[in-house]
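What follows is one structure encoded as structure tokens, with my remarks underneath.
The values are calculated or read from the model by the stated rules, or taken from the named source; none is laboratory data. Just so we're clear, the structure is a prediction, and the values are computed from it rather than from any experiment. Glycine also receives a Cβ, built like all others from the backbone with ideal geometry; neighbour counts cover every protein chain displayed.
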Amino acid sequence: MLFPNPGRDKVDSLPRTARFRYYAGGLTLAILATGHLIPGRIVHVPLAILAVLAVYVFGPLRTEHEYYVEAARHGCKPTARVLKQNALLQNRRDTLEATGHTYAHGVFPESTPCITTDEPENVKAVLSTRFEDWVLPGIRIKSFLPVLGKLVVVVVVVVVVVVVVVVVVVPHTDSIFTTNGAEWQHSRAILRPAFVRDQISDLACVDQHVAKLIAHIRKALADDGRAILDLQVLFSMMTTDSISDFMFGQSTDLQGSAPQDSYKFGKYFDESMQKIAWRARLGWLTLLRSDPELDEYSSFMRAFVKRFVSNVRESPETNSHRGEKGKYVFLDELLKSGESDEVICDHLLSIFTAGRDTTTSVLSYLFFELSRRPDIVATVRDEIRDLGRDDPTWEDLRNMRYLNWVLKEALRLNPPVASNQREAVRDTILPTGGGADGKSPVFVTKGTSLRYIPWVIHRRKDLFGEDAEEFRPERWEDLRVTYEYLPFNAARASASGNNSH
Ligand code: HEM
């Protein structure tokens, strides 16, 4: 983007600067077009190149100028501009503090503008009051497609002089994470019945995998007397086992006697997620390089999941038998939707993606905090002891006040989805973040990305108190939150009507 003015103090001059650039750019273009800038034949070729470049630069200048004209028409004011901030969470937080909670910037290599905010009012607009104006960003969909999508054949009819029918193979997905609008509504409708609270709250399935985790830790400590364990790796195996069990009806059993395929699935899944993160960062540049490794991982994972689907389809008696034994299997419920195996696979892989790393992440951070706070561990232990039994029900867990505060606090300080993004599908308005004081509405053009950062919002001292950086579960005793607390997002998840959270 062409806005080299960081900070709020420059906000008022932005429309004037844009107008100046627009007219100056237009004048330069006109002079170049008439060929009078540098006389003489010899310069015609460089001049032509210069003219092409000028046209390329003039486009964004005009867009910038038009933006301010349109924004003024809506009574909006520009927000602070920050150039070339390629920062992680803490740097973004510093920039948000310096610019007053909302700023605009560019994100290499994309040409579309981006706004970053830690303002709950803006998040509310995106996830609720102006929900229809925002969708999942195209870049997220493109990055996930190789893993959560399948290849489909599309027939394209091209009319040039004669009619030509071209058959192309493109990736397509039905996953709830990579669809918008009607397709998203459809996924939601399919998934909703499978997320029935009193069924997914059957704790027996999770219990056996947690028991294995504890046995594993005990054994590792006893075997070589180690005092230090990498819990994150163990949590990751445990969540893979429990989510696969819940979803496919059969655990990957990484903590037990896992077959080779299960290990491969876990490994490929991890590596695919890393590659997806890179793809998201590289934007359209990923188009320049194919990734056969990712394709290989993806087809292996699809085949792995598809096997479970085919097994259940081919022997429904096993399926009903599972139901009789009282084991709730997500796949069984999905099959009732009548969708094809391919679509079911999309859903299984996407829910697996949704549930595995988020759960691993929150457990890892929770134990990181607990390892430094024996006082909190002691209070949790007291609450467990007061319960008076070893096998708590779902209701018991819900009613354990202190334990719930501890979990909420872990999700506040380190939300697994630390940063999130949406893209405007039409011109729209953010309620706040514009003008010299950062309080005016901001006009947002179609195609703009909005990045909101729960990690930063959750640490704002004006929202959570001077001790916002501290792990203090007791704060939840009288804390009431809306859009300033977003570990599970807001409207999209709850609007989906599913009980996944
Ligand atoms: C502590 C663990 C978890 C956290 C922090 C978490 C967080 C989130 C967030 C922030 C979103 C919104 C993503 C977006 O729209 O940009 C989301 C969506 C979703 N999550 Fe989770 N999640 C967790 C666990 C799970 C689990 C275990 C499952 C299922 C097994 C699950 C299923 C879903 C589904 C289906 C959606 C899509 C909802 C929709 O678009 O309507 N999540 N999750």
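Screening LEU479, LEU407 for residues that are assigned to a helix (DSSP H, G or I) and surrounded by fewer than 20 Cβ atoms within 10 Å (Cβ to Cβ) leaves exactly one candidate, LEU407.
Just one of (1) within 20 Å of LEU331 (Cα to Cα); (2) at pLDDT below 90 fails for ARG307. It is (2).
Consider PRO441 carefully, then state whether it is within 16 Å of the ligand (Cβ to nearest atom), at pLDDT 95 or above and out of contact with any helix residue (DSSP H, G or I) (no Cβ under 7 Å at 6 or more places or on another chain). Judged against the criteria, PRO441 is not a match. Of everything in the stretch 186-209 that is surrounded by fewer than 14 Cβ atoms within 10 Å (Cβ to Cβ) and within 27 Å of the chain's Cα centre (by Cα), the residue that is modelled with the lowest pLDDT is ARG197.
Within the stretch 253-275, being within 19 Å of the chain's Cα centre (by Cα) and surrounded by fewer than 20 Cβ atoms within 10 Å (Cβ to Cβ) holds for ASP270, GLU271, MET273, GLN274, LYS275. The residue list GLN255, GLN250, GLN274 contains one member that is closer than 30 Å to LEU88 by Cα and either in contact with an Asp or Glu (Cβ under 6 Å, 6 or more places away or on another chain) or of a type outside the set (A, V, I, L, M, F, W, C) (or both), which is GLN274.
I'm trying to understand the selection: among the residues of the stretch 368-404, which are of a type in the set (Gly, Ala, Ser), modelled with pLDDT under 95 and on the phi < 0 side of the Ramachandran plot?
Taking the stretch 368-404 and keeping what is of a type in the set (Gly, Ala, Ser), we get 371, 378, 388.
Filter again for modelled with pLDDT under 95, leaving 371, 388.
Matches in the stretch 368-404: SER371 only.
Residues that are touching a helix residue (DSSP H, G or I) at 6+ places or on another chain (Cβ under 7 Å) and not in a helix (DSSP H, G or I) within the stretch 206-245 comprise ARG226, LEU229, listed in sequence order. One residue stands out among those in the stretch 382-404 that are in contact (Cβ under 8 Å) with a residue 24 or more places away in the chain and closer than 16 Å to GLU474 by Cα: the one that is nearest to the chain's Cα centre (by Cα), which is ASN404.
Okay, residues lined up against (1) in a loop (DSSP other than H, G, I, E, B); (2) buried (at least 16 other Cβ atoms within 10 Å of the Cβ); (3) within 15 Å of the ligand (Cβ to nearest atom):
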{"position": "ASP390", "(1), (2), (3)": "yes, no, no"}
{"position": "LEU397", "(1), (2), (3)": "no, no, yes"}
{"position": "TYR402", "(1), (2), (3)": "no, yes, no"}
{"position": "LEU411", "(1), (2), (3)": "no, yes, yes"}
{"position": "GLU423", "(1), (2), (3)": "no, yes, yes"}
{"position": "ARG426", "(1), (2), (3)": "yes, no, no"}
{"position": "ILE429", "(1), (2), (3)": "no, yes, no"}
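Among GLU369, GLU342, which is touching a residue at least 12 places away in the same chain (Cβ under 8 Å), within 15 Å of the ligand (Cβ to nearest atom) and over 23 Å from the mean Cα position of the chain (by Cα)?
Details: GLU342 fails: within 15 Å of the ligand (Cβ to nearest atom).
The match here is GLU369.
Say whether the condition of being modelled with pLDDT under 90, in a strand (DSSP E or B), in contact with a helix residue (DSSP H, G or I) (Cβ under 9 Å, 6 or more places away or on another chain) and on the phi < 0 side of the Ramachandran plot is met by at least one residue in the stretch 72-95. The answer is yes, given that some residue of the stretch 72-95 is modelled with pLDDT under 90, in a strand (DSSP E or B), in contact with a helix residue (DSSP H, G or I) (Cβ under 9 Å, 6 or more places away or on another chain) and on the phi < 0 side of the Ramachandran plot.
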